[in-house]
Amino acid sequence: MNNYAYTEEFYQRADELIDAGKVIDGKGWVPATSGNFSARLSDGTIAMTVSGKHKGNLQRADIMLTDALGKPLDGKVPSAESSLHIQLYQRFIDIECVLHPHSLNSTVISLNYKKKVSLKNYELLKAFSGITTHESKIIVPIFPNNQNMTELAEEVELYMNTHEDIYAYLIAGHGLYTWGASVAESLSYLEALDFLFACELQS
């Protein structure tokens, strides 16, 4: 039995992830037990979904706490992909949430495009922080799937070291990662990206 003393802030972030899971599942973006979510707390610790739970039916007990490097603080088992979340939190000090669904559009487009998806001249690009006109372009890189998450996190970091800032990335045949300054902003990015991927696939 876990006797870890969670803070009120942890429960607030956990509830936000639970609510996000219901929205994401309602759109069919996390079939079976796929996907994983996390939110950073003010002290640098991270609330993260545990391994193997359906994201549309999350309870507080399905959200665990790790330190800033992803080490469990409450004895629970995190997602195997927790290192991908940690890479993003270490790189971007101003983000507070990472969301990873397995939507149909993101999975299909990740297999039909080679190394990247270029999204340009869409009005909905204004959904992303810092973009104020449809006359813009964002790049969503695509990385080969890899069951070694440490290697994959290193590949993502290397890409980010040599390219302009991105809002999201795809893993081929797998799904989408995006992040933001809050759970709400990250969820908004998910909705915008899925719509834009659908536009690309149908164009």
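Please state which one of L88, L84 is out of contact with any helix residue (DSSP H, G or I) (no Cβ under 6 Å at 6 or more places or on another chain) and in contact (Cβ under 8 Å) with a residue 40 or more places away in the chain. Let's see the steps before the verdict.
Details: L84 fails: out of contact with any helix residue (DSSP H, G or I) (no Cβ under 6 Å at 6 or more places or on another chain).
It is L88.
Farther than 20 Å from Y189 by Cβ, more than 16 Å from the chain's Cα centre (by Cα), surrounded by fewer than 12 Cβ atoms within 10 Å (Cβ to Cβ) and small (G, A, S): is that true of G130 in this structure?
On the way: farther than 20 Å from Y189 by Cβ: no; more than 16 Å from the chain's Cα centre (by Cα): yes; surrounded by fewer than 12 Cβ atoms within 10 Å (Cβ to Cβ): yes; small (G, A, S): yes.
So G130 does not fit the description; no.
Let me spell it out: the conditions are (1) assigned to a loop (DSSP other than H, G, I, E, B); (2) in contact with a Leu (Cβ under 9 Å, 6 or more places away or on another chain), and T132 meets all of them except one. Which number is the exception?
Here T132 clears every test but (2).
Scan the stretch 131-183 residue by residue and report those that are aromatic (F, W, Y) and out of contact with any His (no Cβ under 6 Å at 6 or more places or on another chain).
Going through the stretch 131-183, the residues aromatic (F, W, Y) turn out to be 143, 159, 167, 169, 177, 179.
Those that are aromatic (F, W, Y) and out of contact with any His (no Cβ under 6 Å at 6 or more places or on another chain): F143, Y159, Y167, Y169, W179.
Do the conditions hold for V77, that is, is it in contact (Cβ under 8 Å) with a residue 24 or more places away in the chain and in contact with a Pro (Cβ under 7 Å, 6 or more places away or on another chain)? Full working, then the answer.
Working: in contact (Cβ under 8 Å) with a residue 24 or more places away in the chain: yes; in contact with a Pro (Cβ under 7 Å, 6 or more places away or on another chain): no.
Spelling it out, it is not the case that V77 is in contact (Cβ under 8 Å) with a residue 24 or more places away in the chain and in contact with a Pro (Cβ under 7 Å, 6 or more places away or on another chain).
Taking the options S110, S118, S106, name whichever one is modelled with pLDDT of 95 or more, surrounded by fewer than 17 Cβ atoms within 10 Å (Cβ to Cβ) and of a type in the set (S, T, N, Q).
Working: S110 fails: surrounded by fewer than 17 Cβ atoms within 10 Å (Cβ to Cβ); S106 fails: surrounded by fewer than 17 Cβ atoms within 10 Å (Cβ to Cβ).
After applying the criteria, what remains is S118.
Which condition from (1) touching a Phe, Trp or Tyr at 6+ places or on another chain (Cβ under 9 Å); (2) buried (at least 18 other Cβ atoms within 10 Å of the Cβ); (3) over 23 Å from G70 (Cα atoms) is the one that Y167 breaks?
Only one criterion in (1) touching a Phe, Trp or Tyr at 6+ places or on another chain (Cβ under 9 Å); (2) buried (at least 18 other Cβ atoms within 10 Å of the Cβ); (3) over 23 Å from G70 (Cα atoms) is unmet by Y167, namely (3).
If we keep just the residues of the stretch 84-103 that are in a loop (DSSP other than H, G, I, E, B) and aliphatic (A, V, I, L, M), which is modelled with the highest pLDDT?
Here is the first cut: in the stretch 84-103, the ones in a loop (DSSP other than H, G, I, E, B) are 92-96, 101-103.
The next check asks that each one be aliphatic (A, V, I, L, M); those that pass are 93, 95.
Numbers: I93: 95, I95: 98.
Top of the filtered list is I95.
Give the residues of the stretch 175-203 that are surrounded by 14 or more Cβ atoms within 10 Å (Cβ to Cβ), more than 13 Å from I95 (Cα to Cα) and either at pLDDT below 95 or touching an Asp or Glu at 6+ places or on another chain (Cβ under 7 Å) (or both), sorted by residue number.
Passing the criteria: only G175.
Please go through the stretch 178-203 and give me each residue that is among the polar types (S, T, N, Q) and either free of Cβ contacts under 8 Å to residues at least 12 places away in the same chain or not in a helix (DSSP H, G or I) (or both), ordered by number. So that I can check it myself, show each step before the final result.
Our first condition is that a residue be among the polar types (S, T, N, Q); within the stretch 178-203, this holds for 178, 182, 186, 188, 202-203.
Listed by number, the residues that qualify are T178, S182, Q202, S203.
Looking only at the stretch 1-35, filter to residues that are part of a loop (DSSP other than H, G, I, E, B) and touching a Pro at 6+ places or on another chain (Cβ under 9 Å); which one of those is farthest from D74 (Cα to Cα)?
Among residues in the stretch 1-35 that are part of a loop (DSSP other than H, G, I, E, B) and touching a Pro at 6+ places or on another chain (Cβ under 9 Å), the one farthest from D74 (Cα to Cα) is K27.
The values are calculated or read from the model by the stated rules, or taken from the named source; none is laboratory data. All values reported here derive from a predicted model rather than from experimental measurement. Cβ atoms come from the backbone with ideal geometry, glycine included; neighbour counts cover every protein chain shown.
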